[in-house]
Amino acid sequence: MATPAVAVRAVAWLLLWEVAELTCSPAIAFNTTPTDAGIRATCSEIILRQEVLKDGFHRDLLIKVKFGESIEDLQTCRLLIKQYIPTGLFVDPYELASLRERNITEAVMVSENFNIEAPNYLSKESEVLIYARQDSQCIDCFQAFLPVHYRYHRPHSKDGETFIVLNNPDLLMYCDQAGSRGVIRFRFDSFGQTIKFPILKCWAQSEVTAPCALNSKDNCQWNNMKYKSVYKNANLQVPVGLTIHTSLVCSVTLFITILCSTLILVAVFKYGHFSL
């Protein structure tokens with residue numbers, strides 16, 4: 001009778017041992033293996049806010065970006081905004097050059113053969129690179145400034161207005177190690193492994209080649225960042241003429257042109273001094 005009891009007890013101990021192995025092993029593996037989900041949980045969202053200031057045909061585009069990271073993680077990082085300009089708007093490259101000289105903004109045109117005089121229906125989309133600056137009023141914020149202007153649009157038959165959709169920009173980020181250009185800054189985690197900045201690990205989608213700085217001829221690999229926008233897009237309302245007013249506008253323009261030309265000729269012959 002003793003032998004079967006011992007056998008049953010041995011089998012019971014073996015079963016308990018297997019159960020303990022199964023319940024403990026996953027916990028050990030979980031505690032010793034870092035996951036992307038764990039790193040992602042440490043990152044807060046990147047918030048982008050795009051505002052259009054002023055009224056009329058000449059506007060200012062203000063872009064603000066807020067990070068949830070500590071400034072210690074962002075102090076070696078740079079932010080580049082790639083803004084797409086629709087056909088209904090244009091950016092004056094000469095104005096940008098003047099603003100750069102006065103250190104108001106760090107923006108440069110990417111598109112070539114750009115015509116600022118072309119109307120909406122004869123123009124093409126363009127691209128502008130804006131090197132954002134840290135906001136002095138917000139420790140983990142960046143902002144960028146860009147003046148934009150409306151183009152002339154075709155007259156409409158009914159509505160005296162049209163809308164321009166200004167899409168949200170691409171947000172590019174580059175972090176370099178102190179004293180080493182073109183290398184993403186790394187730091188060591190508690191397991192002795194090297195990982196990227198948490199913010200790059202969480203939100204970097206792809207790499208984009210762009211100039212390292214405004215006046216630099218060297219290119220860097222920027223990280224195209226995923227972000228959350230406060231507004232989906234910016235909609236700009238543009239007043240346009242009506243086709244039913246075409247004959248009236250042409251008649252009045254022609255009359256004023258003839259009147260002004262006549263007054264100028266009369267003044268020239270009356271007060272001008274001619275020598276033969």
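The values are calculated or read from the model by the stated rules, or taken from the named source; none is laboratory data. All of these numbers come straight from a predicted model, not from anything done at the bench. Glycine gets a Cβ as well: all are built from the backbone with ideal geometry, and neighbour counts include every protein chain shown. Areas reflect the complete protein model, heavy atoms only, side chains present, ligands, DNA and RNA absent. Shrake-Rupley method; radii C 1.70, N 1.55, O 1.52, S 1.80 Å.
From most to least packed by mean Cβ count within 10 Å, the peptides 210-223, 249-262, 111-124 give 210-223, 111-124, 249-262. Each label point was placed 7 Å from the Cα along the Cα-to-Cβ direction; for residue 84 and residue 154 their separation is 2.2 nm. Computed FRET efficiency, Cβ-Cβ of residue 246 and residue 117, R0 22 Å: what is it to the nearest 0.05? The value I calculate is 0.55. Counting only protein heavy atoms and using a 1.4 Å probe, the accessible area of residue 226 comes to about 110 Å². Shown are 46, 139, whose ranking by accessible area with a 1.4 Å probe and every protein chain present, most to least, is 139, 46. Using equal-weight Cα scatterers in the Debye expression, the normalised intensity of the stretch 82-149 in log10 at q = 0.17, 0.27, 0.29 Å⁻¹ is -0.63, -1.21, -1.32.
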